[in-house]
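Working notes, structure below.
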Amino acid sequence: MSDISRMDCADLLARIVPADDAGARFPVTNPSTGAHIADVADMGPTEAQGAIERARAALPEWAAKTARERAAILRKWHDLILAHQDALAALLTREQGKPLAEATGEIVYGASFVEWFAEEGKRAYGDIIPTNAPGRRLLVLRQPIGVVGAITPWNFPVGMVTRKVAPALAAGCTIVLKPAEDTPLCALALAELARDAGIPEGVLEVVTAARAEPIARVLTESPVVRKLSFTGSTRVGKLLMAQCAGTVKKLSLELGGNAPFIVFDDADIDAAVTGAIQSKFRNAGQTCVCANRLFVQTGIAEKFASRFAAAVKTLPVGDGMATSTAIGPLINAGAAAKVDGLVRDAVDKGARCVLGGGAHELGGNFYAPTILSGIEPGMTIADAEIFGPVAPIQTFESEADAIARANDTPYGLAAYFWTRDLARAWRVAEQLEYGMIGLNEGFISSEAAPFGGVKESGIGREGSKYGLDEFLELKYFTMGGLAA
Ligand code: ADP
């Protein structure tokens, strides 16, 4: 291992953005302060094509390694990520804005996928099928799909990268990654640590660009790229799905959510309030599994709203680098304007502001933690993915009503509900049309569990034993002429 184990955030930054680099660049700024952090390479189709070629050239040797050899290298990458968790977390907070403690949590979470898939890659077992004729044997091999393209969002600049790169590499694939334009620095830092861990040239290529669309076209139209893994909005996911049709690419899509958070009148209200804060206000509400619609049973609605508001009021808003901060800024001015538009529309149509309801006094990209009650159909916020620190509360009368309204959306990523009734827990969990369900839990993601959605929230699963399958093809192999 090189001197890299002593790098702090400034050293890491100097390594990933060399001062003498010529060519087009684009700026990365701190969403808390607006300060310029660095300029990174603004790549275009030619560079994307070059990255694909290098990934293609690196594929045979990487795929031919044993799973154990790949695991050893991935394990080193995992160790280097953890050794640099402070430097990476500081970089993450600077480019993305989330509080430092959350950023550190994301580094540990991100590293956990590398460790998990380093192990899981060793278990890509095939099958031997009982034969259908004498003299024949039927086998199934599981082989790496080939060169992978990945496009990741800005809300988890480390976690979303390792969740795709680690299983791809563990399976024996090589990968070309285009990180989000708001947060390319963490991806570059991870790639730098990957090099130090011994991941060979071409196995992980990072293409940074101010404009995603031309890069995505090259990735989706290339016949060399056999799989595309995307996390982002449903709108862009649909575009990419259409673009992949031309080469019939295998696809994984982790798209938008519209998570219901249902509190039944038999719930532990204080636990539900804690869960709602975790689910709603983590990352300032900028996660695809954030509670997006709170449904509270009529009998406890007032009690829940007042305890929720009292707890949210105490959450300090500010620059994520300050240790006291619980809620950071939104990613950019456009995001803050979008969230404010949703709140304005709801209030104009009769919603009541229980807390907040506008820009935070810090200004810039900061938005005041907001709780709205009296949400009715017809308000845009009743159906939109909010992606901000705004909790809209609706009330419901019956279990059937809650389930019907929770399912009345094209999305199906995460859903949460709170009850102490065991029979109800099973009934509701089985009827919610979602890929992930939390009962009496506001935080459900883990490297060991399958993350993913149904309906327009996506295709495929990340993490867990299922996550490796996304990067493997089944090959049926018949052996004949074996009769004595
Ligand atoms: P979000 O709302 O989280 O920003 P996006 O879907 O816009 O979600 O962005 C997620 C990722 O998709 C980012 O890496 C972004 O650069 C990329 N992206 C945005 N627009 C396009 C597009 N038209 N084609 C391909 N990728 C895109």
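Couple of notes before you dig in:
- The number of residues in region 425-484 that are of a type in the set (K, R) and in a loop (DSSP other than H, G, I, E, B) comes to 2.
- One residue alone among T247, T183, T174 is out of contact with any Pro (no Cβ under 7 Å at 6 or more places or on another chain), polar (S, T, N, Q) and assigned by TED's automatic domain parsing to the domain that holds T93, and that residue is T174.
- Considering only residues in region 250-277 that are crowded, with 22+ Cβ neighbours inside 10 Å and within 30 Å of V224 (Cα to Cα), the one that is nearest to the chain's Cα centre (by Cα) turns out to be E254.
- Residue match in region 73-91 (condition: closer than 19 Å to P184 by Cα and acidic (D, E)): yes
- Test: E95 is away from the ligand (no atom under 16 Å from the Cβ) and either of a type outside the set (A, V, I, L, M) or open to solvent by 10 Å² or more (accessible area, probe 1.4 Å) (or both): no
- Number of the exception - G256 against (1) within 11 Å of the ligand (Cβ to nearest atom); (2) part of a strand (DSSP E or B); (3) small (G, A, S): (2)
- Taking residues in region 465-479 that are on the phi < 0 side of the Ramachandran plot, and partners anywhere that are basic (K, R) and surrounded by fewer than 16 Cβ atoms within 10 Å (Cβ to Cβ), the pairs with Cβ atoms closer than 7 Å and at least 6 places apart or on different chains are T478/R136; M479/R136; M479/R137.
- Subset of region 289-325 (residues that are touching a helix residue (DSSP H, G or I) at 6+ places or on another chain (Cβ under 9 Å), aliphatic (A, V, I, L, M) and not in a strand (DSSP E or B)): V289, I300, A310, A311, V312, L315, M321, A322
- Flag if A346 is open to solvent by less than 50 Å² (accessible area, probe 1.4 Å) and part of a loop (DSSP other than H, G, I, E, B): no
- Residue list for region 222-241, restricted to those being closer than 14 Å to T174 by Cβ and open to solvent by 50 Å² or more (accessible area, probe 1.4 Å): R226
- Here the condition is being free of Cβ contacts under 8 Å to residues at least 60 places away in the same chain, open to solvent by less than 20 Å² (accessible area, probe 1.4 Å) and within 16 Å of the ligand (Cβ to nearest atom); of C244, C290, it holds for C244 alone.
- Conditions (1) over 27 Å from T247 (Cβ atoms); (2) among the small types (G, A, S); (3) surrounded by fewer than 24 Cβ atoms within 10 Å (Cβ to Cβ): number failed by A124: (1)
- Of residues in region 357-401 being open to solvent by 50 Å² or more (accessible area, probe 1.4 Å), under 29 Å from the mean Cα position of the chain (by Cα) and small (G, A, S), the one nearest to A309 (Cα to Cα): A359
- For region 358-382, a residue qualifies if it is in a strand (DSSP E or B) and of a type outside the set (A, V, I, L, M, F, W, C), and the qualifying residues are Y367, T370, S373.
- Top-ranked residue in region 39-57 [being open to solvent by 10 Å² or more (accessible area, probe 1.4 Å) and among the small types (G, A, S); ranked as nearest to G146 (Cα to Cα)]: A57
The values are calculated or read from the model by the stated rules, or taken from the named source; none is laboratory data. Computed from a prediction, not measured in an experiment: that's the story for all the values here. As a convention, Cβ positions derive from the backbone with ideal geometry for all residues, glycine included, and neighbour counts pool all protein chains shown. Heads up: the accessible areas ignore ligands, DNA and RNA and are worked out on the full protein's heavy atoms, side chains in. Shrake-Rupley method; radii C 1.70, N 1.55, O 1.52, S 1.80 Å.
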